[in-house]
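Heads up: the structure comes next, in structure tokens.
The values are calculated or read from the model by the stated rules, or taken from the named source; none is laboratory data. Note that the structure is a prediction, hence the values are computed from the model and not measured. Here Cβ is always computed from backbone atoms with ideal geometry, including for glycine, and neighbour counts include all displayed protein chains. Heads up: the accessible areas ignore ligands, DNA and RNA and are worked out on the full protein's heavy atoms, side chains in. Shrake-Rupley method; radii C 1.70, N 1.55, O 1.52, S 1.80 Å.
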Amino acid sequence: MTGTTPSIPTGNRNDEIQIYDLHKSFGDLEVLKGITTTVHRGEVVCVIGPSGSGKSTLLRCVNLLEQPTQGRVFILNEEITDPDADIDRLRTTMGMVFQSFNLFPHLTALENCTIAQIRVLKKNPDEARAFAQANLDKVGLGDRGGSYPAQMSGGQQQRVAIARALSMDPEMMLFDEPTSALDPELVGDVLSVMRDLAQGGMTMMVVTHEMAFAREVADRVIFMDGGVIVEEGPPAEVIGKPTHERTRTFLKRVLDPTHVNAGDEDEAYAQRHAADSTPTA
Amino acid sequence: MSDTTSQVAPRQAKRLSPRKRAQRTRVIQYGVLVVLVVVAALTIDGRQVQQVFLRPDLVLKTLGPELGAAFLNTIIYTAGAFVLGLAFGTVLALMKLSQVAPYRWLATIYTEFFRGVPAIIVLLAFSLMGVAFPGFSFPFDPYGTVWVALGIVTAAYMSETIRAGIQAVPKGQIEAARSLGMSPGMSMQRIVLPQAFRIVTPPLTNELVLLTKDSSLVYVLGLFASGYELTKFGRNLANTYANITPLVVAGFCYLIITLPLTYLVRRMEAKQRKATR
Ligand SMILES: Nc1ncnc2c1ncn2[C@@H]1O[C@H](COP(=O)(O)OP(=O)(O)OP(=O)(O)O)[C@@H](O)[C@H]1O
Ligand SMILES: [Mg+2]
């Protein structure tokens, strides 16, 4: 260690997610064009950017739901992009929360939170249930353990999804637009759970369109556009006084709801997300 | 054509409104029905019909412990074939979705073959296994032979249904399972398959109804009396008395099995429709 050329991975236990020169293409479409960044222990990183800029793809490459075409990702200094990596074990260290909740509809809220504890972590069922219950309490749904997802509102489902992820006792949490599919009056409950998590010291990578949340909770904001990180830094800088024209244009659009082009973006967005919860066929 | 009529239309003296026209077709339909009933009543001799299809003394002779045994055999043949078909059909469905191309080919060839060949030929072929391979016999003969033969045929149909059910489970479900550290196999077993089977319960129950009726093909096998199912039993009696009544009774026995099942399917489908709305 001479200090001049940092090694890959750093080996520092605080560098929980290390991303080096990450590229991802879908066919001819290059969605990520070289992303390099590190998320530190206890850090809350909010990823913002226009629809289609590759935010979800970046998050999904971190836990290998998408296979990167080039570049390396290290989780807790272990390379998840290594073909021989124990991906399933590394995934248990990061909880993921999806825009469309993806709760298991054939299981109750409590069972959603215990199944992976029992099957993957091999915990005994009583222990698993106790921890699941504690996590449901944490998200304010301690009394809904017996309910099936279909019997709950979107906001409640998303909070169960957070409890499910927490039940694996992860080192870090990945959120992909956790509030975008919710009715406006239900967004607050979910955001407040996330705020509590952040204050509790959880490492979080959050793709979001909630600028107020990013400004308040994030330690660092990453603005992405066209598959690259255009600008990153503390929210006061990136959202408060952005230096790049692209960032300014984007922020003007999301912060001013009367902007004429808002509709275009919504439509493109709706089109690309229509497939998320539809059958795979 | 619509062009010419619209040109001609104004010249016609009067055109019927759609409502009037619907009314007139309904009147015609009722008229035809009345004529048919009258003709039937005049030509058909009710007593003779009863003598041929439902002679009371033969109904009584048919009802009895042997009918009960045949009824039970029908259920045993069907249930065994269904269970085998379900297990094998699931394996075939997974093969069809496999990353390994040869598995997909094998499963497709299998399905196309057994859906295209009459079930009765498969059944006959299996009944001759003992002749083809001397000393070979299925366990629980004749049940084993029937279970395997019908199970193999029905698996071909079921595999298509189950594959569709698996694909109807949103891909977000697999992603959520994998993100929790579940392996592909565990995600399939614990998350996808339970949902898939829920989706395909109605069509699979329909398959069970078809299978119940197909179990009647067993009559082609040279069975001992203890192996008779409803059709074979009814047919023997019908031959003995030179009367159709025993077959009619056997037919009603099938309805006792199939009608509740079809009713169940309708209820489940209605419930699913409500749930997905
Ligand atoms: N599985 C896929 N196959 C093909 N193209 C894909 C796939 N997933 C994403 N894309 C494309 O990659 C680009 C980036 O998608 P991504 O979902 O990462 O954007 P995003 O920044 O999350 O946008 P949004 O704000 O709408 O969620 C889009 O053009 C999208 O159409
Ligand atoms: Mg996205």
* What are the pairs, 6+ residues apart or on separate chains, where a residue within the range A:198-214 that is within 14 Å of another protein chain (Cβ to nearest Cβ) and within 13 Å of ligand 1 (Cβ to nearest atom) has its Cβ under 8 Å from a residue that is in a loop (DSSP other than H, G, I, E, B) and open to solvent by 10 Å² or more (accessible area, probe 1.4 Å)? -> none
* Residue list for the range A:147-180, restricted to those being within 16 Å of ligand 1 (Cβ to nearest atom), surrounded by fewer than 24 Cβ atoms within 10 Å (Cβ to Cβ) and within 11 Å of chain B (Cβ to nearest Cβ) -> A:Asp176
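Tell me which strands (runs of 3 or more DSSP E) are completely within the range A:5-93 and hold 1 or more residues being of a type in the set (Val, Ile, Thr) and open to solvent by 40 Å² or more (accessible area, probe 1.4 Å), or say none if there are none.
By residue number, A:29-40.
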* Within the bounds of the range A:107-117, is there any residue that is in a loop (DSSP other than H, G, I, E, B), within 14 Å of chain B (Cβ to nearest Cβ) and modelled with pLDDT of 95 or more? -> yes
